[in-house]
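Reviewing the structure listed below.
What follows draws every value from the coordinates through simple rules; no lab data is involved. It should be emphasised that the depicted structure is a prediction, and the values quoted were computed from it without experimental measurement. Quick reminder, even Gly has a Cβ in these numbers, built from the backbone with ideal geometry, and neighbours come from all protein chains shown.
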Amino acid sequence: LKNILVATDFGEAADAALTYGRALAKQFGARLHVVHVADNSAARVVSGEGYTGAFLDDLDRDIEAAARTELDELLIDNDPTPADVTPAVVLSTAPADEIVQYARRANVDLIVLGTHGRTGLTHLFVGSVAERVVRTAPCPVLTVRHPEHEFVRADVPAVVTHEADRSRT
């Protein structure tokens with residue numbers, strides 16, 4: 001693994017996915033791409049002439065700037081040997097498609113996504129970004145459900161966790 005992508009919506013499931021992505025990137029010496037797809041409000045509210053207006057352009061710039069700030073804060077890593085991280089914020093109305101396109105452009109070897117595990121009517125109406133990414137990705141996809149089994153803990157390096165698991169057997 002040389003390039004690992006973690007997509008984040010800044011939720012708890014995405015935080016769990018980032019924990020896995022960091023551990024895997026560190027274990028394999030891979031570059032970690034952390035991508036947030038921000039909603040492109042201007043594309044959603046295009047008038048008949050195709051002109052969105054300065055207000056919507058400013059709104060999109062503000063949304064993108066706020067997302068970049070939140071992503072930068074999320075990626076603060078106090079690890080003495082942190083993974084090599086490339087943060088990215090993309091404006092789009094189709095998060096799954098944007099994640100897959102980014103993975104193709106960056107030659108990503110593995111995508112790590114958090115999933116909420118919605119079922120039934122909620123899944124039907126809300127849909128699933130993770131499901132669409134799994135179906136269309138150019139590489140393997142690891143989905144992490146929150147809450148989940150703690151195979152990787154944020155406070156313990158992956159190697160130590162793995163060795164501790166082996167000593168129990």
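Report, by chain and number, residues whose modeled amide H sits under 5 Å from the one on residue 8, excluding near sequence neighbours (fewer than 5 apart, same chain).
35, 36, 37
Could you give the nm distance between label points at residue 135 and residue 39, where each point is 7 Å from its Cα heading toward the beta carbon?
Once both label points are built, they end up 2.2 nm from each other.
For residue 93, what residues show an amide H to amide H distance below 5 Å, using hydrogens built from the backbone and excluding near sequence neighbours?
Sorted by chain and number, the residues that satisfy this are 40.
Please list, ordered by chain and number, the residues whose modelled amide H lies under 5 Å from the amide H of residue 145; skip anything fewer than 5 residues away on the same chain.
115
Hey, what do the phi angles of the range 22-30 turn into as Karplus ³J(HN,Hα) couplings, whole Hz, using 6.51/-1.76/1.60 and θ = phi - 60°, x for Gly and Pro?
Per-residue couplings from phi come out as 4, 4, 5, 4, 5, 4, 9, x, 8 Hz.
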